[in-house]
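All remarks here apply to the structure that follows.
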Amino acid sequence: MRGDDERQASVWSYVPLEQRVPAEHPLRPMRAMVDEVLRELSPQFSRLYATVGRPSIAPERLLRALLLQVLYSVRSERLLMEQLDYNLLFRWFVGLSADDPIWDATVFTKNRQRLLEGDIARAFFDRVVAQARQRGLLSDEHFTVDGTLVEAWASLKSFKPKGTPPVPPDDPGNPTVNFHGERRSNATHVSTTDPDARLFRKGDAHEAKLYYQGHVLMENRHGLAVDGSLTPATGFAEREQALAMAARLPTRARATLGADKSYDTRDFVDGLRGLAVTPHVAQNITKRASAIDRRTTRHAGYRASQCRRKRIEEIFGWLKMVGLLRKTRHRGVARVGWMFTFGLAVYNLVRMRRLVAQPT
């Protein structure tokens, strides 16, 4: 028999949010891992807030909401609040009841500086990595390092000579700028929109844009990120950050570090060997001699590292396609780096959920 299409809204609902979320929903194991991390961070949260005054929104809820924004590619905090208003799944994950009022989008703006000063993204990431280590998901010997470009939220029109007084634009919304024939470089020019961004060319066949540079250290067993950082884009940042992350490797045995051809320089290879790390760097023999010789390439482990190192591109692909980092929505190294580190933590949580769910 055909049912009725009546549209009389119900006044009360007696089904709690906990029952509305299916038991097999992928967010359930992720919520458990996130709650464990946030419990460990509770003492650090307490130090960021005053002991008197009006209670603020719990930082745990703010971080869960930001995690959903990264996970579901919600492009702004305002749209995130719109989703949180009517999406019961989002309310359950954040920790809100069906009747709790939604915050204003400016809550993230006002609390972002507090989270930046407390370095919460790094603390969150470190505890996610520690959780993966406790579950036996990390390799202690074999790693890969690489960098990627993150396009800055700044136009080339804002890249102007240093020290020149501002000129009123002909059109405030989209001014006319003619820089053809002008020699521009980071030494003489700076972006008025985002001074931390740097003019950088990805390759000879690509145009120069304003970029940041993200750096990731990946373990080779399951492809999890174990360290990361973000810097202004320069020609030396990749190797400098790789050496810094190699020096922080949490291993007692002699580790190996895979990398692509851009890391094949004498200084970088000698720096790794000085840290007791075996350089499994791809050889660059284009019009030059490689810093890697047969002492390294003859081993089967070198070939295995060259095969496994390509998985780091999966991290970069996820961060840019899902994690909203193809073009950043923030300005400054501190804020962009905060989101980059937090995005790495969310990626690890996604990978860990799948790895834990796999049958042993």
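The values are calculated or read from the model by the stated rules, or taken from the named source; none is laboratory data. Since this is a predicted model, take the numbers as computed values, not measurements. As a convention, Cβ positions derive from the backbone with ideal geometry for all residues, glycine included, and neighbour counts pool all protein chains shown. When the accessible area is computed, the model is the full protein with side chains, heavy atoms only, and any ligands, DNA or RNA have been set aside. Shrake-Rupley method; radii C 1.70, N 1.55, O 1.52, S 1.80 Å.
Can you tell me how many residues in region 38-58 are part of a helix (DSSP H, G or I) and not hydrophobic (A, V, I, L, M, F, W, C)? I'd like the intermediate steps shown before the answer.
The initial filter retains those residues of region 38-58 that are part of a helix (DSSP H, G or I), namely 38-48.
Narrowing further to those that are not hydrophobic (A, V, I, L, M, F, W, C): 39-40, 42-44, 46-47.
Total satisfying the criteria: 7.
Being touching a strand residue (DSSP E or B) at 6+ places or on another chain (Cβ under 6 Å) and assigned to a loop (DSSP other than H, G, I, E, B) is the filter; apply it to region 139-165 and report the residue that is most open to solvent (accessible area, probe 1.4 Å).
Lys162
Given (1) farther than 22 Å from Arg127 by Cβ; (2) within 21 Å of the chain's Cα centre (by Cα); (3) of a type in the set (S, T, N, Q), identify the lone condition not met by Ser262.
Going through (1) farther than 22 Å from Arg127 by Cβ; (2) within 21 Å of the chain's Cα centre (by Cα); (3) of a type in the set (S, T, N, Q) one by one, Ser262 breaks only (2).
Tally up the residues in region 214-246 that are in contact with a helix residue (DSSP H, G or I) (Cβ under 9 Å, 6 or more places away or on another chain), outside any strand (DSSP E or B) and aliphatic (A, V, I, L, M), please.
Result for region 214-246: 4.
State the number of residues belonging to region 200-211 that are over 21 Å from the mean Cα position of the chain (by Cα) and not basic (Lys, Arg).
Number of matching residues: 6.
Return the only residue of Thr188, Thr234 being open to solvent by 40 Å² or more (accessible area, probe 1.4 Å), modelled with pLDDT under 95 and under 20 Å from the mean Cα position of the chain (by Cα).
Thr234
Of everything in region 166-194, what is in contact (Cβ under 8 Å) with a residue 12 or more places away in the chain and either assigned to a loop (DSSP other than H, G, I, E, B) or farther than 23 Å from Thr328 by Cβ (or both)? Give them in sequence order.
Pro166, Pro175, Val177, Phe179, Arg184, Ser185, Asn186, Thr188, Thr192, Thr193, Asp194
Just for region 11-35: of the residues that are acidic (Asp, Glu) and loosely packed, with under 11 Cβ neighbours inside 10 Å, which one is farthest from Arg351 (Cα to Cα)?
Once the filter is applied, the top-ranked residue is Glu18.
Taking the residues in region 74-108 that are among the acidic types (Asp, Glu), open to solvent by 50 Å² or more (accessible area, probe 1.4 Å) and part of a helix (DSSP H, G or I) as candidates, determine which candidate is farthest from Val322 (Cα to Cα).
Asp85
In region 59-73, which residues are free of Cβ contacts under 8 Å to residues at least 60 places away in the same chain and assigned to a helix (DSSP H, G or I)? Spell out how you get there, then give the answer.
Initial filter on region 59-73 (free of Cβ contacts under 8 Å to residues at least 60 places away in the same chain): 60-62, 64-65, 68, 72.
The answer is Glu60, Arg61, Leu62, Arg64, Ala65, Leu68.
Which of the residues spanning region 36-46 are free of Cβ contacts under 8 Å to residues at least 24 places away in the same chain and either under 16 Å from Val346 (Cα atoms) or within 20 Å of the chain's Cα centre (by Cα) (or both)?
If the condition is that a residue be free of Cβ contacts under 8 Å to residues at least 24 places away in the same chain and either under 16 Å from Val346 (Cα atoms) or within 20 Å of the chain's Cα centre (by Cα) (or both), then no residue fits.
Restricting the first residue to region 106-125 and requiring it to be modelled with pLDDT under 90, which pairs with a second residue that is among the charged types (D, E, K, R) meet a Cβ separation below 6 Å and a spacing of at least six or different chains?
If the second residue must be among the charged types (D, E, K, R), the pairs left are Phe108/Glu77.
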